[in-house]
1. In region 52-64, what count of residues is obtained for those that are within 13 Å of the ligand (Cβ to nearest atom) and either among the aliphatic types (A, V, I, L, M) or within 14 Å of the chain's Cα centre (by Cα) (or both)?
2. From the list MET67, MET14, exactly one residue is in contact (Cβ under 8 Å) with a residue 40 or more places away in the chain, within 15 Å of the ligand (Cβ to nearest atom) and open to solvent by less than 60 Å² (accessible area, probe 1.4 Å). Which is it?
3. Among the residues of region 94-109, write down those that are within 16 Å of the ligand (Cβ to nearest atom), surrounded by fewer than 21 Cβ atoms within 10 Å (Cβ to Cβ) and not in a strand (DSSP E or B).
4. Of all residues being crowded, with 16+ Cβ neighbours inside 10 Å and over 17 Å from ASN113 (Cβ atoms) in region 36-45, which is farthest from the ligand (Cβ to nearest atom)? Just the residue, please.
5. Taking the conditions exactly as written (of a type in the set (Val, Ile, Thr), farther than 26 Å from GLY17 by Cβ and in contact (Cβ under 8 Å) with a residue 12 or more places away in the chain), does VAL222 satisfy them or not?
6. Yes or no: GLY49 away from the ligand (no atom under 11 Å from the Cβ), exposed (fewer than 15 other Cβ atoms within 10 Å of the Cβ) and in contact (Cβ under 8 Å) with a residue 12 or more places away in the chain?
Amino acid sequence: MVTVSDTDGPIQIMGAGLSGLAAAIILAKAGREVHVHDIRNDSGARFDGDFQGIENWTSDEDFLDEMREWGIDPDEFKTTSFHQVDVIHPDDVITQAWSPTVAFRVIERGTANHTIDQGLKRQAVAAGANLHYKSRVKPEDCHIIAAGPKDTSALAYGEIFETSHPDHVAFHFNDKLAPGAYAYLIVIDGIGLICTCLWRKQQKSGRYLNETIAWYDKHYPV
Ligand SMILES: Cc1cc2nc3c(=O)[nH]c(=O)nc-3n(C[C@H](O)[C@H](O)[C@H](O)COP(=O)(O)OP(=O)(O)OC[C@H]3O[C@@H](n4cnc5c(N)ncnc54)[C@H](O)[C@@H]3O)c2cc1C
């Protein structure tokens, strides 16, 4: 891999996901010629429609303000903010953790207009970056490798459903539903997602998801 400081010429980035696009926005705004290559046909195609959470409780500064300082506009994609999240203990006790500042945000990954992927893509294009989809480049020809993880040690198994339940987030720590990991419920604008995160080596993943759904059926009227 060559380094960005080695050259005044065009910057080649492998991967038009969050990292590649963020780098492209910052470099293009700094006046560099930027080319971003992605093997897929669009940013976010790897995740289409998934909810993901951005935690906001571990630093004093709001993460969206941090993005603004980097030159990235978080108003370009949809975020849903939560001051309260339910934390569900192994004995089924539910703690309603509340923060005076935003504790957690939910964003959507994918190719729809309101996703974070498309929000960053629009900003990269507006800054002058050149995006090349279905483009395969060699890592040694790139200055920045942002191709995401090659493999994952954990997987999220989930079910999406329609609901009249108000927006809600619950994290669930219970080895009977997600051994050594966690399960969660997210409801945004009438769309619900119940997920159990399991280590890849975990057997009987379907059983854990069914039991997680049954748990929420019983304890939350979603
Ligand atoms: C199921 C799941 C749930 C997650 N939930 C959360 C969450 O709730 N909160 C959170 O903070 N994080 C979450 N993550 C992690 C989060 O998705 C990653 O941290 C984030 O996507 C990393 O961004 P990235 O740009 O490095 O990779 P990606 O967003 O994966 O983008 C990589 C891009 O590189 C492209 N690419 C791959 N190989 C090549 C190649 N050879 N050449 C060119 N392009 C290539 C891909 O097509 C893709 O567009 C989750 C991950 C998974 C898998």
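The values are calculated or read from the model by the stated rules, or taken from the named source; none is laboratory data. Nothing here was measured: the structure is a model prediction, and the numbers come from that model. Methodologically, a virtual Cβ is constructed for each residue, glycine included, from the backbone with ideal geometry; neighbour enumeration extends over all protein chains shown. Heads up: the accessible areas ignore ligands, DNA and RNA and are worked out on the full protein's heavy atoms, side chains in. Shrake-Rupley method; radii C 1.70, N 1.55, O 1.52, S 1.80 Å.
1. Residues in region 52-64 being within 13 Å of the ligand (Cβ to nearest atom) and either among the aliphatic types (A, V, I, L, M) or within 14 Å of the chain's Cα centre (by Cα) (or both): 6 in total.
2. It is MET14.
3. Scanning region 94-109 gives VAL102, ALA103.
4. Checked region 36-45; the qualifying residue farthest from the ligand (Cβ to nearest atom) is VAL36.
5. Values: of a type in the set (Val, Ile, Thr): yes; farther than 26 Å from GLY17 by Cβ: yes; in contact (Cβ under 8 Å) with a residue 12 or more places away in the chain: yes.
It is true that VAL222 is of a type in the set (Val, Ile, Thr), farther than 26 Å from GLY17 by Cβ and in contact (Cβ under 8 Å) with a residue 12 or more places away in the chain.
6. Answer is yes for this residue.
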